[in-house]
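One structure is given below, encoded as C-alpha cells.
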Amino acid sequence: QENSLTQDLLNKLNVRHNSFNQKVNTLSGGNQQRVVLGKWLATRPKILLVDEPTRGVDVSAKAEIHKVLKELAKNGMGIIVVSSELSELLQITERILVICRGQLVANVETQTTNTQELMELSTGEKLTYMDKS
C-alpha cells in the first residue's frame, strides 16, 4: 500500500526521479519540494498550510507546485499559503490576509487588489514609486 501510494503521489506531483528508491536529497530543489508536499498529502489533510512553498525552486517547478495547490483547492481542500512573494499570492489565492507589525490589517479578495496595494498594506506606508500592476 505504501509503495502504491508513493507511486501515485510521485506521478500526481510529477516528481522527476531516476528510480523508486532514489534518495530525496539527490533530487533537484523543485522535486524535493514536491516530495515534501507529497508526504503531507499522504496524510489526507482537510486543510494544508504551506509556508513559502516555492522558495528556491525554478520557474517550471514553481508553476507545477501552483498547479497542484490550485487543483487541491478546486477539489475542496483548504489551502493556506504564507508567502513573501506578492505575485505568487496574487496567482494562486482567492483571498489575502495582510499582516503588518503583527496585526491583521486587511482581508482582501485577490481579484480586487494588486502588488502596490498589498505592499502598502503590509508596510503601513504609502508607496509612490511602484507600478500599479
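The values are calculated or read from the model by the stated rules, or taken from the named source; none is laboratory data. These numbers come from a predicted model, not from an experiment. Here the Cβ is made from the backbone with ideal geometry for all residues, glycine too, and neighbour counts use every protein chain on show. Remember, those area values only see protein heavy atoms, side chains included, never the ligands or the DNA or RNA. Shrake-Rupley method; radii C 1.70, N 1.55, O 1.52, S 1.80 Å.
Worth a mention:
- Failed condition for Ser60, given (1) in contact with a Gly (Cβ under 8 Å, 6 or more places away or on another chain); (2) assigned to a loop (DSSP other than H, G, I, E, B): (2)
To keep it simple, each residue is scored yes or no on (1) part of a helix (DSSP H, G or I); (2) open to solvent by 60 Å² or more (accessible area, probe 1.4 Å); (3) more than 23 Å from Leu10 (Cβ to Cβ); (4) modelled with pLDDT of 90 or more.
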{"position": "Gly38", "(1), (2), (3), (4)": "yes, no, no, no"}
{"position": "Arg44", "(1), (2), (3), (4)": "no, yes, no, no"}
{"position": "Val50", "(1), (2), (3), (4)": "no, no, no, yes"}
{"position": "Gly76", "(1), (2), (3), (4)": "no, yes, no, yes"}
{"position": "Ile79", "(1), (2), (3), (4)": "no, no, no, yes"}
{"position": "Leu90", "(1), (2), (3), (4)": "yes, no, yes, yes"}
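- Restricting attention to the stretch 19-32 and to residues that are in contact with a helix residue (DSSP H, G or I) (Cβ under 9 Å, 6 or more places away or on another chain) and modelled with pLDDT under 85, the residue that is farthest from Glu64 (Cα to Cα) turns out to be Phe20.
- Criterion: open to solvent by 60 Å² or more (accessible area, probe 1.4 Å), assigned to a loop (DSSP other than H, G, I, E, B) and touching a residue at least 40 places away in the same chain (Cβ under 8 Å) - qualifying residue of Asn14, Asn21: Asn14
- Here the stretch 106-118 is the region considered, the condition is being within 16 Å of Thr93 (Cβ to Cβ) and part of a helix (DSSP H, G or I), and the residue that is nearest to the chain's Cα centre (by Cα) is Thr110.
- Against the criterion of being farther than 30 Å from Thr115 by Cα and hydrophobic (A, V, I, L, M, F, W, C), Leu9 qualifies.
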